[in-house]
Number of protein chains: 2
Amino acid sequence: MNILTRPILEINLNNLLDNYKMLANLAKNATPAAVIKDEAYGLGAKIVAKLLYEKANCRNFFAAHAVEVKEIAATHPNATFYILQGVGADSIEIFRQQKNIIPVISSPEVLKYWEENKPDNRKVAIQVETGLNRLGFREDDLKVLPKDKFTEFSLVMSHLACGDEKDHFMNAKQIENFERIKKTFFPNTPASLSASDGVFLGEKFHQNMVRLGAAVYGINTAPYRQNQMKNVVRVLAPVLQVTNLHKGDFVGYSATYRAGSERKIAIVSIGYGDGLPRSLSNVGKIFLNNGKIHEARIIGRVSMDNIICDVTDISDIKAGDLVSIADDFYTLDDVARDAGTISYEIMSRLGKNPRFERIYIQD
Amino acid sequence: MNILTRPILEINLNNLLDNYKMLANLAKNATPAAVIKDEAYGLGAKIVAKLLYEKANCRNFFAAHAVEVKEIAATHPNATFYILQGVGADSIEIFRQQKNIIPVISSPEVLKYWEENKPDNRKVAIQVETGLNRLGFREDDLKVLPKDKFTEFSLVMSHLACGDEKDHFMNAKQIENFERIKKTFFPNTPASLSASDGVFLGEKFHQNMVRLGAAVYGINTAPYRQNQMKNVVRVLAPVLQVTNLHKGDFVGYSATYRAGSERKIAIVSIGYGDGLPRSLSNVGKIFLNNGKIHEARIIGRVSMDNIICDVTDISDIKAGDLVSIADDFYTLDDVARDAGTISYEIMSRLGKNPRFERIYIQD
């Protein structure tokens, strides 16, 4: 009997590469950049950056924090790494060490900090606010900047709030604001407005650079239509035990499930400690794929290391079987819908857990 | 101006140690063991294990997977490490290398696997089912085991489903089941029934060994009364920008917040990529503590790297300030209530994110 104990995170780098190329081609008049913040959404920033650098000629990367790309920037001196959370006393040393790490400056205060502490005269990026009301210079901030400041920026960028809804009025409003700000303050500066979702909104959203993240990793960033991206992530977990419930038995913490009849259950080795949302309690699903795909429900609370599933209708399930939590036929977008969140959040959690057995698939 | 960019995870090892000692003293007729699975609930398994070994004489530890304690077991040969998810083909090699790692066997199938693959005759632990209906031998499984098997176990254990509710009928039912199983099958084997929550249920729940986890890390595992544990975790995050909303402005992804009047907002550098639950969107709180504690709400969606907060009523907040997400006066238990989950899940997420600045406080 084959007994396994650890969940498996399988990352298909072939599909990831195909997704990047597809998006870059959709926005072929813009320079493609890869978003590798948060460990490339948990999938491994070093591996993803190396792949896209070598196989797709990617030379521009975005991260949230300098510390996320410190080592990658050192080993890829011909690429540029933009840092979306800017620069401060807790990161300036990294900018000092690596000339190819570029802060995205989003406020007058951070611009002042950079001017006073910058190690050299490298050009930096500036973020302007167009409707998301997150980080970025407001137009009132730009009006009081000294005129000669506007020549110092290598990139002017903003970010869409509702790019995942094709006809949302915010998209038209944000591009109008962005075009006005560019014309007024940055007529000759390369511009970037869109992440993955904006790529699907048409060429005027592409500007000079697109920042490709979520969709590269297989997430459907255009949920108003079927996903066009190839699936990148599979999450598998081993069945540790198959046993029975008697009528009336309770299951899991706080006894939130009670069997109304005799049931067969499987205890599976994955839990919220592995990044599976606890909100899947009594809601989530697992699948046994043995030629035919069998579906079963999580019953009771998701605990740190385990889920318990009602497998009454799967006749031949046994300890040692691997079941799918997310797979090509039921992706993390589907799991996220069940969990009441978005796949970005789940992906970001899964990949950072050291007890996963990680498998990278690559030709 | 002091500009910071990274969130801070502060772990108070003094309080953690005091909590362990307090719980061990409450169950003073039992051997205390520390639960360090899932990276000691995200707080750092190596650091926590070393602390409790050296300062509290802890010699018994529980983890979920052998891979979690492989290195710790090698550097602490005089301690015993119990593995709750058992043993299989993906972990047997670690058991071969480290004699002080002991599988907890929870099913006939895994017992068979161990018998066929065990590297030596070390005694192992056995888990029996008493009401949680998770991993464990059912009484029917025990009845058909050969009689000589019962001498081979160094520990018989089970786990409470509702130990966090003092008067829950499940507690009485589980101890009755556990006592019957012990008497019938394991009359001379040391026994363990309770994790932190069970320690508060009285001496008969303590048995021979208590498994101290969540409460050591400051979680209130007895929420029917005020938390008796010292707080261990603080989560701080820097304000990156303070700016204004005009009446009618939308905030964040999918424009889920709209300003009904002029507002002042702070953009703070923490998001679900750092482990802050996205379910805090439009619900969660932050605090500025400058002598007086000021409270503000998260508005709009939590994004991967940022939250946006309505700080209209905090007159002197500015870029560079550190705000509290979780603190001694508003703990992760409180944050979890706001997020619709338990602090265990949040703690498990926070600690595994490399972009936190981690600070360990220790005398």
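Observations on the model:
- When residues in the stretch A:144-169 are screened for being under 20 Å from the mean Cα position of the chain (by Cα) and closer than 14 Å to A:H206 by Cα, 5 of them pass.
- Residues that are away from chain A (no Cβ under 12 Å) and either part of a strand (DSSP E or B) or out of contact with any Gly (no Cβ under 8 Å at 6 or more places or on another chain) (or both), drawn from the stretch B:206-216: B:Q207, B:N208, B:M209, B:V210, B:R211, B:L212, B:A215, B:V216
- Within the stretch B:265-276, the set of residues being more than 8 Å from every other protein chain (Cβ to nearest Cβ) and under 29 Å from the mean Cα position of the chain (by Cα) comprises B:V268, B:I270, B:G271, B:D274, B:L276.
- Taking the conditions (1) within 20 Å of the chain's Cα centre (by Cα); (2) part of a strand (DSSP E or B); (3) of a type outside the set (S, T, Y); (4) closer than 14 Å to A:L280 by Cβ in turn, A:I359 satisfies each one other than (4).
- Among the residues of the stretch A:222-234, those identified as crowded, with 23+ Cβ neighbours inside 10 Å and not in a strand (DSSP E or B) are A:M229, A:V232.
- Considering residues of the stretch A:251-264 that are of a type in the set (A, V, I, L, M, F, W, C) and facing chain B (nearest Cβ under 7 Å) only, the residue surrounded by the most Cβ atoms within 10 Å (Cβ to Cβ): A:V251
- Qualifying residue in the stretch A:172-181 (condition: closer than 22 Å to A:L26 by Cβ, more than 9 Å from chain B (Cβ to nearest Cβ) and at pLDDT below 95): no
- The stretch B:324-345, residues that are in a loop (DSSP other than H, G, I, E, B) and exposed (fewer than 15 other Cβ atoms within 10 Å of the Cβ): B:F329, B:G340
- Among the residues here, A:R278 qualifies as closer than 19 Å to A:G300 by Cβ, at pLDDT 95 or above and in contact with a helix residue (DSSP H, G or I) (Cβ under 9 Å, 6 or more places away or on another chain).
- From B:M209, B:M157, B:M170, residue being without any contact (Cβ under 8 Å) to a residue 40 or more places away in the chain and surrounded by 15 or more Cβ atoms within 10 Å (Cβ to Cβ): B:M170
- Any hit, the stretch B:307-325, residues being acidic (D, E) and either facing another protein chain (nearest Cβ under 8 Å) or under 23 Å from the mean Cα position of the chain (by Cα) (or both): no
- The stretch B:326-363 - residue that is more than 12 Å from every other protein chain (Cβ to nearest Cβ) and polar (S, T, N, Q) and, of those, farthest from B:N15 (Cα to Cα): B:T331
- None of A:A266, A:A237 is of a type outside the set (F, W, Y), part of a strand (DSSP E or B) and in contact (Cβ under 8 Å) with a residue 60 or more places away in the chain except A:A237.
- Of the listed requirements (1) within 26 Å of B:L322 (Cα to Cα); (2) crowded, with 23+ Cβ neighbours inside 10 Å; (3) out of contact with any Gly (no Cβ under 7 Å at 6 or more places or on another chain), A:A73 misses just one: (1).
- Only residues that are touching a residue at least 60 places away in the same chain (Cβ under 8 Å) and acidic (D, E) were counted across the stretch A:322-344, and they come to 3.
- Filter pass, A:G88 being in contact with a Lys or Arg (Cβ under 9 Å, 6 or more places away or on another chain), among the small types (G, A, S), surrounded by fewer than 22 Cβ atoms within 10 Å (Cβ to Cβ) and assigned by TED's automatic domain parsing to the domain that holds A:H159: no
- Selection over the stretch A:304-323 of residues that are closer than 19 Å to A:G275 by Cβ and crowded, with 21+ Cβ neighbours inside 10 Å gives a count of 7.
- Checked against (1) over 23 Å from A:V251 (Cα atoms); (2) among the polar types (S, T, N, Q); (3) in contact with a helix residue (DSSP H, G or I) (Cβ under 7 Å, 6 or more places away or on another chain), B:T130 meets all criteria but (1).
- Among the residues making up the stretch B:125-152, a single one is crowded, with 18+ Cβ neighbours inside 10 Å and away from chain A (no Cβ under 14 Å): B:A125.
- Subset of the stretch A:226-250 that is within 33 Å of the chain's Cα centre (by Cα) and charged (D, E, K, R) - its residue that is nearest to the other protein chains (Cβ to nearest Cβ): A:R234
- Restricting attention to the stretch A:38-67 and to residues that are surrounded by fewer than 21 Cβ atoms within 10 Å (Cβ to Cβ) and at positive phi, the residue that is nearest to the other protein chains (Cβ to nearest Cβ) turns out to be A:G44.
- Of all residues in the stretch A:74-86, those satisfying the criterion of being closer than 18 Å to A:P119 by Cβ and more than 7 Å from chain B (Cβ to nearest Cβ) are A:A74, A:P77, A:T80, A:F81, A:Y82, A:I83.
- With respect to being touching a residue at least 60 places away in the same chain (Cβ under 8 Å), out of contact with any strand residue (DSSP E or B) (no Cβ under 6 Å at 6 or more places or on another chain), among the aliphatic types (A, V, I, L, M) and within 14 Å of another protein chain (Cβ to nearest Cβ), B:M304 falls outside the description.
- B:K70 vs. criteria more than 14 Å from every other protein chain (Cβ to nearest Cβ) and of a type in the set (K, R): no
- The residue pairs whose first member lies in the stretch A:132-153 and is closer than 14 Å to B:N244 by Cβ, whose second member is at pLDDT below 90, and whose beta carbons are closer than 9 Å, counting only pairs six or more residues apart or on different chains, are A:F137/A:L145.
- Some residue of the stretch B:279-295 being part of a strand (DSSP E or B), at the interface with chain A (Cβ under 8 Å from one of its Cβ atoms) and hydrophobic (A, V, I, L, M, F, W, C): no
- So A:I219, is it assigned to a loop (DSSP other than H, G, I, E, B), buried (at least 22 other Cβ atoms within 10 Å of the Cβ) and in contact with a helix residue (DSSP H, G or I) (Cβ under 7 Å, 6 or more places away or on another chain): yes
- Check on B:G284, in contact with a strand residue (DSSP E or B) (Cβ under 7 Å, 6 or more places away or on another chain) and under 20 Å from B:I219 (Cβ atoms): yes
The values are calculated or read from the model by the stated rules, or taken from the named source; none is laboratory data. Here the structure is a predicted model, which means the values were calculated and not measured. Note that each Cβ is placed from the backbone with ideal geometry, even for glycine, and that neighbours are counted across all protein chains shown.
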